[in-house]
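A short write-up of the structure that comes next.
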Amino acid sequence: LIQNINIGGVNNKFESDSNVEFKDIEFKNNSISFEYLALSYRNTSQNQYRYKMEGYDLDWIEAGSRRFASYTNLPIGSYTFKVMGSNNDGIWNEIGASYKINILPPWYRTYVAYTGYLLLLIFGFRSFGKFQAKRSIEQADNQRRSEELQEAKKLQNSLLPKTNPQISGYQISTFLKPATEVGGDYYDFFYKKGEYFYAICGDATGHGVISGMMVSVTKAGLHGIPMADPSKILQKLNQIVKRVNFGRLRMSLSVAKFSKSVVELGSAAMPPTYFFSSKSKKVEEVLVPNLPLGGIESEKFDGIKKEFINGDVMVMISDGLPELPNPSNEMLDYKKVFNCIKNNAKKSANEIKDALVSLSEDWSQETLNPDDITIV
């Protein structure tokens, strides 16, 4: 008979001399040992034993007088442990005792787990297919947007003068560095020999495609209204921009009209314009306070007149220059712009512009400019 079964270190007392079906055994506890005894009450030392684990052992194992058998790491499957004993006269009990055991697979190798794996695989393929389809759509959308931005950039560049006008008695130099593919800054010149000469510098709210549209409307408006005093030009443009209705978007603009020895300046919420007088050898910061275009339709715009003779300098900028941050997020500020113009005012227009550009580059140390920078 089998007296004890030890499964994974836990004893299970049991006595049987017949076939018994045992409970399932988990894969992680599949170390099992059996203790058995032949019923012979005299000369027990002469009892002999043999056992066999059907499904694992190929043949009977002669155990001699040893009364236990152990198995470790049995593979997954069903087995029957059989044991036979002989008495002291060498007569074997051919029936013996037996145990039927079943080593269960671990949870990750069950039919339920395999079903789950299959479902996960199907779900994974479907999800991957959806991801690929979504990615393809996003790539196509990004490609389309990139192409549209490039077209918008080309359009905006077409709004700027291809070259600066060559006007007797004047030196003209310009610089524009957008913050994104499509900026909101704008400069232009309107010149007709013997009749008029205007310089324009503007800055739409923010930057991007919508700001580029504002610039387009502004340029179209400038071409559609008669040239007049800067204040009247701003008043007409303000009405046009207001009627187009860009919501909260606004356009700041400075208009300078040049005539013999005089410049007339009108401004709609632009930063100060800088004047250097060759007579006084001083730089003056001139701010004309008015609302930006697109605000109040009936807004009146003030203007000023300044003497402008040989050797004098006028610098128009957008706020992207003085508000340019450095790696420590400190702004360049207007004072440094003022001092740069003051230190270079007796140089040529190109040299003054180059000095301001160098100032911005030295200050930013390759930090991306968050706003468009324009210098005229």
Look at region 51-60 and say how many of its residues are surrounded by 15 or more Cβ atoms within 10 Å (Cβ to Cβ) and either hydrophobic (A, V, I, L, M, F, W, C) or within 14 Å of Ser31 (Cβ to Cβ) (or both).
-> 1
Name, by its number, the condition in (1) assigned to a loop (DSSP other than H, G, I, E, B); (2) open to solvent by 20 Å² or more (accessible area, probe 1.4 Å) that does not hold for Met270.
-> (2)
Would you pick out the residues in region 291-321 that are open to solvent by 20 Å² or more (accessible area, probe 1.4 Å), touching a strand residue (DSSP E or B) at 6+ places or on another chain (Cβ under 7 Å), assigned to a loop (DSSP other than H, G, I, E, B) and farther than 20 Å from Trp363 by Cα?
-> Leu291, Pro292, Phe308, Asp312
Residues of region 77-106 satisfying the condition of being within 13 Å of Arg50 (Cα to Cα), surrounded by fewer than 18 Cβ atoms within 10 Å (Cβ to Cβ) and hydroxyl-bearing (Ser, Thr, Tyr) = Ser86
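Within region 322-341, identify whether any single residue is among the hydroxyl-bearing types (Ser, Thr, Tyr), in contact with a strand residue (DSSP E or B) (Cβ under 7 Å, 6 or more places away or on another chain), modelled with pLDDT of 95 or more and within 30 Å of Ser211 (Cβ to Cβ), and answer yes or no.
First, the residues of region 322-341 that are among the hydroxyl-bearing types (Ser, Thr, Tyr): 328, 334.
With the extra rule that they be in contact with a strand residue (DSSP E or B) (Cβ under 7 Å, 6 or more places away or on another chain), the set shrinks to none.
No, there is no match, as no residue in region 322-341 is among the hydroxyl-bearing types (Ser, Thr, Tyr), in contact with a strand residue (DSSP E or B) (Cβ under 7 Å, 6 or more places away or on another chain), modelled with pLDDT of 95 or more and within 30 Å of Ser211 (Cβ to Cβ).
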Exception for Asn142 within (1) open to solvent by less than 50 Å² (accessible area, probe 1.4 Å); (2) farther than 30 Å from Asn30 by Cα falls at (1)
Could you give me the residue pairs with C-beta distances under 9 Å whose first residue belongs to region 337-353 and is within 18 Å of Gln171 (Cβ to Cβ) and among the acidic types (Asp, Glu), whose second residue is at pLDDT 95 or above and not in a helix (DSSP H, G or I) wherever it lies, and which are 6+ apart or on separate chains?
-> Glu351/Ser173
For Pro230: the one exception among (1) modelled with pLDDT under 95; (2) buried (at least 23 other Cβ atoms within 10 Å of the Cβ) | (1)
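Which of the residues belonging to region 61-76 are open to solvent by 30 Å² or more (accessible area, probe 1.4 Å), closer than 17 Å to Gln3 by Cβ and either touching a residue at least 40 places away in the same chain (Cβ under 8 Å) or part of a strand (DSSP E or B) (or both)?
Our first condition is that a residue be open to solvent by 30 Å² or more (accessible area, probe 1.4 Å); within region 61-76, this holds for 61-62, 65-68, 70, 72-73, 75-76.
From what's left, closer than 17 Å to Gln3 by Cβ: 65-68, 70.
Phe68, Ser70 - these are the residues of region 61-76 that are open to solvent by 30 Å² or more (accessible area, probe 1.4 Å), closer than 17 Å to Gln3 by Cβ and either touching a residue at least 40 places away in the same chain (Cβ under 8 Å) or part of a strand (DSSP E or B) (or both).
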Per the filter on region 243-259, residues over 24 Å from Val286 (Cβ atoms) and over 36 Å from the mean Cα position of the chain (by Cα) are Arg243
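The values are calculated or read from the model by the stated rules, or taken from the named source; none is laboratory data. Computed from a predicted structure; not experimentally measured. Here the Cβ is made from the backbone with ideal geometry for all residues, glycine too, and neighbour counts use every protein chain on show. The accessibility values were calculated without ligands, DNA or RNA, using every heavy atom of the protein model including side chains. Shrake-Rupley method; radii C 1.70, N 1.55, O 1.52, S 1.80 Å.
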